[in-house]
Amino acid sequence: MLFSGLCLQGPLLAFTLRGMRAFENRYLALLWGFLLAFLAYSCTGGEGTQENDSQERQQEENNNQGGDDGVDDGNDGEADGDDDDEAAGPNPVVSIESPEDGGVYSKNQTFVFQAQVADAEDSPQALTLEWRSNVFGVLNNQSSNSQGVAYFVLSSLMAGNHTLTLSATDSDGNVGTDSIAFAVYDPNNLVADFSLEDVNPTSATYEEFVSPRDYLGRISAWYFGHST
Amino acid sequence: MDDLQKEIVEEYPDSEIQIIGINGAGHESGVETAADGRDLPLLQDREGVDVSSLWDVTYRDVIILDEQNEYYTTYNLTSNDLSEAEKYAALKATLLAAAGLN
């Protein structure tokens, strides 16, 4: 405000300077000259700075807006580009054939693991395979044969409810998976078995012989009563 | 028990929980009464099998087995009358816990 007010008076001051020169007062004229020069500098410099600041802020805002947009767009573009790169080509096809999904097995029996794998670009042997159980961890990493048959055998498996997943990864990083679930029990810990006839005419298992082993892999509650 | 089974199936349709009744050996005459209005399997025990002795159970025991066919726990319905809401809820919670559902 001060500088603005003084600047408005600039022409008046210049006129005054000329008047004083008429009186040939060098020293006073020199003092007024310095003052006028200072005011002129302050007015032009201040306005220039404000304009520059404003322009810089506007430019900065534009840059920021443009920059943000640009960065976002760029990132999106990059992400899309990466996704596109990662999604290049279809995932390998994986199908577990053994053990049977939903099966129930004794822990000490022989377990045959077999699956079929295929990929549109890579040969079956080139696929990186991983058989993994949620109970045990990684079971096997052997490659398939040229026909795409992945196969291995275990002589026992930990008791528990297994979710088995086979994943196949091709050279582009595409991953195909298949999962099955099966139960493995410890025969040494089983309750004593029996088999009795279901005599309830409205039961789904009427006239069938029912055993606790029929409920392996499930929760069973056996109510012992007698009716007279 | 029939109601409990239906309730579990309704609330947890994917659950693998089955309640089975076993009628004591020598009480075959009561089967019709025991089965009336119920859909649960009702197995008739007999002297040659004698599951009560085989599993060393007490009258009105509910023996719960886990998915590995291993003993989980026992809940006796004489000491835990299912007509009491708390007892009913406790048995239901025990079954769901055995199945990993609560």
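Every number in this text was worked out from the coordinates using simple rules, so none of it is lab data. Everything numeric here is computed off the predicted structure, so don't read it as measured data. Cβ: placed from backbone, ideal geometry, glycine included. Neighbour counts: every protein chain shown.
The base-10 log of I(q)/I(0) for region A:108-228, evaluated at q = 0.23 Å⁻¹, reads -1.30 [Debye formula, identical scatterers on Cα atoms, solvent excluded].
Across peptide B:33-41, the mean count of Cβ atoms from other chains lying within 10 Å of each residue's own Cβ comes to 6. The 3J(HN,Hα) values that the Karplus relation (6.51, -1.76, 1.60; θ = phi - 60°) gives for region A:130-138 are, in residue order, 8, 9, 9, 10, 5, 8, 9, x, 6 Hz. Gly and Pro appear as x.
On a C-alpha basis, how far is the centre of region A:115-139 from the centre of region A:162-228 in Å? Whole number, if you could? Cα centroid to Cα centroid, the span is 27 Å. For chain B, GluC sites (Glu not before Pro) are listed when DSSP marks them as loop and at most 10 other Cβ atoms sit within 10 Å of their Cβ; the list is B:GLU47, B:GLU84. Close amide-amide hydrogen proximity is noted between B:ILE19 and A:ALA221, each under 5 Å apart and 5 or more residues distant or on a separate chain (H modeled in the peptide plane; Pro and chain starts excluded).
Here is the list for region A:107-216: GluC sites (Glu not before Pro) lying in DSSP coil, each with at most 16 other C-beta atoms within 10 angstrom of its C-beta, are A:GLU121, A:GLU207, A:GLU208.
Largest GNM mean-square fluctuation across B:ASP66, B:ASP81, B:ASP36, computed for chain B with C-alpha springs under 10 Å, falls on B:ASP36.
Please get the size of the charge dipole for region B:1-96, origin at its Cα centre, with Cβ charges of +1 on Lys and Arg and -1 on Asp and Glu, quoted in debye to the nearest 20.
200
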